[in-house]
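Taking it in order: structure first as structure tokens, then the write-up.
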Amino acid sequence: MQFRVVRKPDVTQKQYTVIMLIAISLALLTSGIFILLLGLNPISVYISMVNGAFGSPYRIEQTIILAIPLVIISLGIAVAFKMKFWNIGAEGQVIMGAFCASYLALNYSYVPRPLLLLAMAVAGFLGGALWGLIPAFLKARWDTNETIVTLMLNYIALKWITYLQYGPWKDPNSLGFPKIANFTENAILPKFLGVHLGWVIAVILVVVMYIFMNHSKKGFEIAVLGESYNTARYAGVNIFRTILFAMLLSGGICGLAGMIQASGVAKTLNVDIAGGVGFTAIITAWLGGLKPPWIVLVSVLFAAMVQGGSFIQSAFGISAASASLIQAMILFFVLGSDFFTKYRVVINFERPALKKEA
Amino acid sequence: MNEVLTVAFFKAAIIAGTPLLFATVGEIITEKVGNLNLGVEGMMLMGAVVGFQVGYTTNNPLLAFIAAALAGAIGSLIYAFLAVSLRANQVVTGLALTTFGTGFASFMGQGLVGLKMSEQFSASFQKIKIPFLGDIPGIGEVFFNHDILVYFGYVTAILLGLYIYKTRIGLNLRAVGENPAAADAASVRITAYKYTHILLGGALCGLGGAYLSLVQVPVWQENITAGRGWIAVALVIFASWSPYRAILGSYLFGGLDIIGFRLQGTGLAISTYIFDMAPYLMTIIILVIVSFRKDRKNAPPKALSEPYFREER
């Protein structure tokens, strides 16, 4: 028996969807075996997960609240990934965006609400953009490895907030408990149809980014640079500026998500403000094929898994970490399935005949 | 400053650098065959939690470390299958492995949080003074009065260096990372080389994680590695893919890891949280400095993070 790998002609959208669905089913099957090994019934666990995520209006709201940052941050990451700039610093960019927005929220609470919120959004964008520009500049100027730099900046941002929370920004009215003061009403995103305004911002961003990535010159340049450095250079793309611009946008969008999390969800700043969402968003961005509409679908699915995961935690006593295990499993299978969209495995069951006489 | 930079400090830096050393040389051997595995943090966590679980249940140090190495290797097997056989994007596959390992450790470690290894278990890791070398003033105490795994770290790094640079197989594996098509033409079995060394790298990462949970800390905590896996990935660049320089880099960062805590004791007016940034900040600074000097000798393996297709060469 012999295996041979052959390149496939381009697959149709339908074939692609079928392969992806098979991958996700296999991931759920594998996770199911894992749940079975824990002595639980996987089907009832999955049903309660769905129930926990969508079973009541309140739960749906919670799922949407979790999906908002995932969608926005994935959009930001997609810009960088499109350029093959491995920005895994979304977590830090979210934190720095939240930090800058919180600075305004805590010090200028007397400013009228619309004005303050707008200023916070701008500050959030700038905070994230600045944090994203550091690795972009280093990469563009000296070709410094961006994966590591963006990652290290996450830790630095996190330590910075820890320092503030336990030090200079500690709320004197909190009786020694290390927390930063809650925002005043002025600095809190109002609700619209049951969920904070962040969802409206997310919807707008999806449309804007879709147009940007597919129908703008800059978006095109970013994609070309991602495909081939040399092609971009010969086509006259200003590489230095393109890298900086893409990361300004990528980090800025993540920073805006940080502002939304601080203002709409936490209503203060704390060390858990990002809470790993910057990493989950890498997965959702990738699974969504870096395409805004798909990103929305995958993000909602992942938010449902997290929300459902915390539900099964109380219902079955399974750790909430099981959700991240299932997520990683899905990612593994989808990554692997990509192979079958590009290649075909040909199996020859007979040993290849050795033609000696030829 | 003098009250900080003592013999005890340098000695502690070696201990703090040991998990970094295992992970760094593990990633070096992986990258040498042309595969960038960003799952180091995940594999360390898998090794840390499996090692802790086995050590806690059996009280057998050898078994615990073997289990940890196996756990790391299994993590890297997932990576190898996806990135080598199925030609998936190496960066994303590695990130997925880190997500998986983090989830796995937090899942497995749920009931272990706060548990401590027994006295009997820890007794297996008491300091062993090397005769003669251990008696050199200063240096002896810093380098040659440690538990057995620190020595194992020295030996592993040096042996890997000899393996990579002085053996036939080492020459082949470097060829696989530099120019797989040429290596293939010289009938080096590319896939076998990649799998073997990726698995070896994963096992070493698992060991590094287990050193943290079984010897250095040795209490189980959520997310016990705290980014050390990522520092190891950066140290590979710092060491410019040489296991020998990895020794220096690991211990340097071991020192940075603990300096904040030490400085705090001196009553310095700077918050310890600010000093906790030091290893991460230094990583960036060193990466930038390394990227200034770009020469062929210190360059990454040429085919790093490119999948190899015989059909498309």
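A few comments on the model shown:
- Span-like helix ranges in chain B, DSSP H, alpha carbon extent 20 angstrom or more, Kyte mean at least 1.6: B:61-80, B:148-166, B:278-292
- For A:Arg4 and B:Glu306, a Förster radius of 22 Å and the Cβ-Cβ distance give a FRET efficiency of 0.55, rounded to the nearest 0.05.
- Once the Cα atoms are used to define both axes, helix A:57-82 deviates from the longest principal axis of chain A by about 70 degrees.
- Among A:124-130, B:34-40, A:323-329, B:281-287, sorting by the average number of other beta carbon atoms lying within 10 angstrom of each residue, highest first, gives B:34-40, A:124-130, A:323-329, B:281-287.
- Legend: P(r) of the range B:211-283 from all alpha carbon pair distances, 5 Å bins from 0, whole percents, reading 3, 14, 21, 22, 20, 13, 5, 1.
- Under the combined filter of DSSP loop state and at most 12 neighbouring Cβ atoms within 10 Å, the range B:74-142 retains these chymotrypsin sites (Phe, Trp or Tyr not before Pro): B:Phe132.
- With Cα atoms, 0 to 90° folded angle of helix A:292-316 axis to chain A main axis: 80 degrees
- Kirkwood hydrodynamic radius of the range A:41-317, Cα pairs, Å: 19.2 Å
- Cα-based radius of gyration of the range B:1-158 once divided by 2.2 N^0.38 Å, which approximates compact folds: 1.19
- Taking A:Met152, B:Met44 and counting other C-beta atoms within 10 Å, the order from fewest to most: A:Met152, B:Met44
- GNM flexibility winner over chain A from A:Gly132, A:Gly317, A:Gly52 (Cα, springs under 10 Å): A:Gly317
- By the compact-protein rule of thumb, 2.2 N^0.38 Å, the alpha-carbon radius of gyration of chain B corresponds to a ratio of 1.00.
- Taking N as its residue count, the alpha carbon Rg of the range A:201-358 over 2.2 N^0.38 Å: 1.46
- Take the Cα of A:Ser314, step 7 Å toward its Cβ, do the same at B:Val4, and the gap between the two points is 4.7 nm.
- Extension reserve of the A:Ser228-A:Ile60 stretch, reckoned as 0.36 nm per residue once the Cα distance is removed: 56.2 nm
- For the residues of A:277-288, the average number of beta carbons from a partner chain within 10 Å of their own beta carbon is 2.
- Ranking of A:His215, B:His197 by count of other Cβ atoms within 10 Å, fewest first: A:His215, B:His197
- Dipole in debye (nearest 20) - chain A, about Cα centre, beta carbon charges: Lys, Arg +1; Asp, Glu -1: 840 debye
- Taken along the Cα-to-beta-carbon direction at a fixed 7 Å, the label points for A:Ile211 and A:Ala235 span 2.2 nm.
- Within the listed set B:Ala210, B:Ala239, B:Ala69, the residue fluctuating most in the Gaussian network model of chain B (springs between alpha-carbon atoms under 10 angstrom) is B:Ala239.
- Candidates B:Tyr211, B:Tyr151, B:Tyr195, ranked by Gaussian network fluctuation over chain B, Cα under 10 Å, top entry: B:Tyr151
- Spin-label pair B:Asn59/A:Arg141, simplified geometry with 7 Å Cα→Cβ offset, distance in nm: 5.9 nm
- Cα gyration tensor, the range A:79-211 - rounded (a/c under 1.5), prolate or oblate: oblate
- Rotationally averaged projected area of the protein assembly as shown (alpha carbon convex hull; nm²): 34.5 nm²
- Computed from the Cβ-Cβ distance with R0 of 41 Å, the FRET efficiency linking B:Tyr151 to A:Leu28 stands at 0.30.
- Tail fraction, Cα-Cα pairs, the range A:1-79, threshold 18 Å, whole percent: 70 percent
- Using the Cβ-Cβ distance between B:Ile158 and A:Gln15 with R0 set to 45 Å, the FRET efficiency from 1/(1 + (r/R0)^6) comes to roughly 0.30.
- GluC sites (Glu not before Pro) restricted to DSSP loop in the range B:1-99 with at most 11 other C-beta within 10 Å: B:Glu3
- Helix A:13-37 vs. chain A, principal-axis angle (Cα, 0 to 90°, nearest 10): 80 degrees
- Dipole in debye (nearest 20) - the range B:135-218, about Cα centre, beta carbon charges: Lys, Arg +1; Asp, Glu -1: 460 debye
Since every read-out is calculated from the coordinates, none of them should be taken as a lab result. Computed from a predicted structure; not experimentally measured. Positions of Cβ are generated from backbone atoms using ideal geometry, with glycine treated the same way; all protein chains shown enter the neighbour counts.
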